[in-house]
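The values are calculated or read from the model by the stated rules, or taken from the named source; none is laboratory data. Everything quoted here is computed from the prediction, not taken from an experiment. A quick note on method: Cβ atoms are made from the backbone with ideal geometry, for glycine too, and the neighbour counts reach across all protein chains shown.
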Amino acid sequence: MHYEPRQPMLRLMQYLKVYKGQLLWASGASVVNKVFDLMPPLFVSWIIDTVSGNPPQWLHNLLGNAANITVAGFLAALIVGIFFIESLFEWIYERAFKRLAQAVQHRLRIDAYAKMQEREIAYFEEQRTGNLLSILNNDINELERFLNSSFNTILQLLVLFVFASVALFQTSWQLALIGIVPIPLMVLVSAWYRRKIAPLYLDIRQSVGELNSRLENNLSGIAVIKSFTAEQLETARVEQASEDYRQKNLAAIQYNTIFIPIVRMFIAMSLAGAMFLGAYWIMEGTNHITIGALAFFAMMLQRLLWPITGLGNVFDSYERARAGARRIFGLMDTPAAIVSAPDAVQVERVKGEVELKNVSFAYPNGVPVLNGINLHIPAGSMVGLAGMTGAGKTTLIKLLLRFYDVQNGSVLIDGTDVRRMHLHRLRQHIALVSQDVYLFHGTIYENIAYGNPNANPQAVEQAAQQAQLHTFITTLPQGYQTIVGERGIKLSGGQRQRLSIARAILKNAPILLLDEATSAVDTETERAIQENLYLLTQGKTAIVVAHRLSTIRHANHIVILDHGSIAEQGTHEALLAQNGIYADLWNVQIGETVGNLQ
């Protein structure tokens with residue numbers, strides 16, 4: 001489920017309320033800057049009229065019959081003062097808007113990431129990583145660029161329109177009417193442009209997400225690409241994604257490039273009309289306007305109309321930001337499917353008793369995975385789960401962690417339904433060793449201590465020893481400070497698996513989940529871990545999913561899943577005596593072992 005925000009840019013403005021003081025300071029400085037930036041046309045008018053022997057009344061009242069050098073000096077000093085103030089406030093608003101944009105960008109990215117982390121596992125299984133990265137990076141950067149410059153441009157255009165319109169009508173309402181005739185036409189063209197460009201930029205944001213996904217996917221799988229000599233195939237796929245991005249940009253460029261020439265023609269016609277009438281008045285000797293006033297009118301009209309040619313870039317930036325805002329706030333507004341209940345129980349301690357009552361579950365594709373599972377696991381016991389691939393073993397682990405919620409039945413810990421427990425507390429009481437080990441870029445020490453950052457070095461080392469990893473670590477030049485690389489690429493599969501086991505041991509949770517925990521280790525290491533399994537699970541409730549039955553032969557209870565149902569259960573000896581599925585699997589694996597020995 002994905003929500004579509006109705007007013008994404010309004011949401012951004014509401015988001016800015018936190019920074020209201022900074023926004024008002026930056027906006028105020030921008031308004032002052034723009035007002036003083038519009039003073040040069042007035043100076044030109046005053047100078048021309050003064051030189052022509054018709055100085056403005058305010059200057060005559062101020063200086064009277066002062067010498068020409070005094071008048072010229074005063075005007076020069078005034079120009080310097082005005083430009084100093086204009087430059088000062090430009091520095092203030094530039095700095096203020098950039099700081100504001102950086103603050104909003106940072107806060108928005110953290111908030112979006114926090115919301116993303118709240119989402120259920122199913123969301124991440126359906127999404128492509130590159131698309132999510134595009135939201136957190138590219139889309140938020142578009143909003144930062146908009147706040148950095150385009151927001152101020154819109155503000156200054158409003159100030160310009162008000163100030164210039166008043167000045168033009170005070171100078172000559174007849175010429176002002178001629179000058180502003182194109183503005184309604186420009187607004188209509190701008191509205192047409194925005195209507196055409198808006199869906200194109202949403203397509204562009206989605207397209208760049210697809211391109212990022214393709215690049216991220218290929219970089220992560222570079223070893224597979226090389227081993228299968230699929231470089232040309234993947235290059236073609238990247239080229240296709242990049243070409244799609246290019247074509248969507250070109251579609252937007254077609255509208256962007258035609259906007260400015262159309263607006264310029266409107267400006268040219270209005271300037272020509274106003275200048276024609278003004279020049280005619282002066283040449284005919286009427287008193288409608290002075291030479292200086294006409295020069296002021298021409299410069300101010302150009303100041304008013306010419307920035308409108310930049311509306312194309314403003315709309316361009318606005319629509320890019322709006323498309324990004326739709327994706328960002330769409331992500332933030334979509335509620336997580338799995339959350340703590342409002343009256344969730346804050347369980348501080350658990351004994352570790354686990355029970356599944358008539359549990360049925362199917363993934364979003366609708367295919368049933370578990371059907372009416374009933375299973376009781378006493379606290380402190382070790383239960384092994386076995387069965388063919390797809391029987392539902394890993395799904396049981398996910399339901400216990402509440403990565404998914406059951407459709408029917410209930411999963412209980414110490415008699416409390418996991419849906420009634422606070423989600424964070426629930427997962428604090430469970431340590432998971434997955435068959436799909438993920439290590440973060442950093443040191444071996446940091447990865448072991450990930451679940452318990454406050455652990456002391458002695459505890460980290462002890463966990464590594466229990467996981468049969470300490471001896472290997474001591475052979476490394478940098479020991480526990482060795483960098484494992486992205487996803488632990490510098491370690492072998494078995495070393496990554498043992499590190500994951502050490503991480504779970506250090507967490508010291510009352511419930512330990514081992515999902516094919518020895519699947520990637522060598523036979524000797526597996527035997528050592530199996531010998532230590534009793535110590536590893538001592539005092540804990542351990543649920544061990546194993547393909548190799550030797551890993552769970554000493555479990556208190558073994559459960560065989562078949563097509564989503566419990567087919568057999570009991571101790572190792574009892575299951576062998578039944579001569580059923582477990583016995584067949586055991587005999588096959590013993591035969592494989594004997595065959596390997598021969």
Given the criterion among the hydroxyl-bearing types (Ser, Thr, Tyr) and buried (at least 19 other Cβ atoms within 10 Å of the Cβ), identify the matching residue among SER220, SER190, SER213, SER165.
SER213
Just to be sure before I move on: is SER149 more than 13 Å from the chain's Cα centre (by Cα) and either outside the structural domain of VAL18 (by TED's automatic domain parsing) or among the small types (Gly, Ala, Ser) (or both) in the structure I sent?
yes
Please work out which one of (1) buried (at least 16 other Cβ atoms within 10 Å of the Cβ); (2) farther than 30 Å from GLY485 by Cβ is the condition PRO378 fails and give its number.
(1)
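Touching a Lys or Arg at 6+ places or on another chain (Cβ under 8 Å), assigned by TED's automatic domain parsing to the domain that holds VAL208, free of Cβ contacts under 8 Å to residues at least 40 places away in the same chain and part of a helix (DSSP H, G or I) - does that describe any residue in the stretch 160-172?
In the first step, residues of the stretch 160-172 are kept if they are touching a Lys or Arg at 6+ places or on another chain (Cβ under 8 Å); the result is 160, 163-164.
Of the ones still in play, those that are also assigned by TED's automatic domain parsing to the domain that holds VAL208 are 160, 163-164.
Next, only the ones that are free of Cβ contacts under 8 Å to residues at least 40 places away in the same chain stay: none.
Scanning the stretch 160-172, I find no residue that is touching a Lys or Arg at 6+ places or on another chain (Cβ under 8 Å), assigned by TED's automatic domain parsing to the domain that holds VAL208, free of Cβ contacts under 8 Å to residues at least 40 places away in the same chain and part of a helix (DSSP H, G or I), so the answer is no.
Please work out if ARG195 is charged (D, E, K, R), under 22 Å from the mean Cα position of the chain (by Cα) and in the same structural domain as GLN102 (by TED's automatic domain parsing).
no
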Could you look through the stretch 389-443, keep only residues that are of a type in the set (Val, Ile, Thr) and over 21 Å from LEU499 (Cα atoms), and pick out the one that is surrounded by the most Cβ atoms within 10 Å (Cβ to Cβ)?
ILE413
Go through LEU211, LEU168 for me and flag whichever is in contact with a Phe, Trp or Tyr (Cβ under 7 Å, 6 or more places away or on another chain) and under 30 Å from LYS98 (Cα atoms).
LEU211
Filter the stretch 1-29 down to the residues that are modelled with pLDDT of 90 or more and in contact with a Phe, Trp or Tyr (Cβ under 6 Å, 6 or more places away or on another chain) and list them by number.
ALA26, ALA29
Can we say GLU125 is in a helix (DSSP H, G or I), within 22 Å of SER27 (Cβ to Cβ) and of a type in the set (Asp, Glu)?
no
Output the qualifying pairs, or none if there are none: Cβ atoms under 6 angstrom, residues six or more apart or on different chains, first residue in the stretch 193-207 and farther than 18 Å from ARG246 by Cβ, second residue of a type in the set (Asp, Glu) and part of a helix (DSSP H, G or I).
ALA198/GLU319
Picking from THR474, THR482, which residue would you name as being more than 26 Å from ARG425 (Cβ to Cβ), surrounded by 13 or more Cβ atoms within 10 Å (Cβ to Cβ) and among the β-branched types (Val, Ile, Thr)?
THR482
If GLU144 satisfies all but one of (1) farther than 30 Å from PRO364 by Cβ; (2) surrounded by fewer than 17 Cβ atoms within 10 Å (Cβ to Cβ); (3) acidic (Asp, Glu), what's the number of the condition it fails?
(2)
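Quick check, is THR518 surrounded by 20 or more Cβ atoms within 10 Å (Cβ to Cβ), of a type in the set (Ser, Thr, Tyr) and at pLDDT below 85? Let's see the steps before the verdict.
Working: surrounded by 20 or more Cβ atoms within 10 Å (Cβ to Cβ): yes; of a type in the set (Ser, Thr, Tyr): yes; at pLDDT below 85: yes.
Judged against the criteria, THR518 is a match.
Based on what the data block shows, is ARG195 in a helix (DSSP H, G or I), within 23 Å of SER317 (Cβ to Cβ) and touching a Ser or Thr at 6+ places or on another chain (Cβ under 9 Å)?
no
Return yes when THR257 is of a type outside the set (D, E, K, R), loosely packed, with under 13 Cβ neighbours inside 10 Å, modelled with pLDDT of 80 or more and within 30 Å of SER134 (Cβ to Cβ) and no when it is not.
Values: of a type outside the set (D, E, K, R): yes; loosely packed, with under 13 Cβ neighbours inside 10 Å: yes; modelled with pLDDT of 80 or more: no; within 30 Å of SER134 (Cβ to Cβ): yes.
When the stated conditions are applied, THR257 does not pass them.
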Long-range neighbours under 6 Å by Cβ, at least six apart or interchain, first residue on the phi > 0 side of the Ramachandran plot within the stretch 558-581, second outside any strand (DSSP E or B):
GLY564/GLY392
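Within the stretch 285-294, how many residues are part of a helix (DSSP H, G or I) and surrounded by 18 or more Cβ atoms within 10 Å (Cβ to Cβ)? It would help to see each step written out before you state the result.
In the first step, residues of the stretch 285-294 are kept if they are part of a helix (DSSP H, G or I); the result is 291-294.
In the following step, the residues that additionally are surrounded by 18 or more Cβ atoms within 10 Å (Cβ to Cβ) were identified as 292-294.
Qualifying residue count, the stretch 285-294: 3.
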Among the residues that make up the stretch 95-111, is at least one of them surrounded by 17 or more Cβ atoms within 10 Å (Cβ to Cβ), under 17 Å from the mean Cα position of the chain (by Cα) and not hydrophobic (A, V, I, L, M, F, W, C)?
yes
Could you go through the stretch 316-339 and let me know if any residue there is at pLDDT 80 or above, within 29 Å of HIS554 (Cα to Cα) and either in the same structural domain as THR537 (by TED's automatic domain parsing) or among the acidic types (Asp, Glu) (or both).
no
If you go through the stretch 447-461, how many residues are at pLDDT 90 or above and buried (at least 16 other Cβ atoms within 10 Å of the Cβ)?
3
Return a yes/no flag: does the stretch 261-284 have any residue that is in a loop (DSSP other than H, G, I, E, B) and loosely packed, with under 14 Cβ neighbours inside 10 Å.
yes
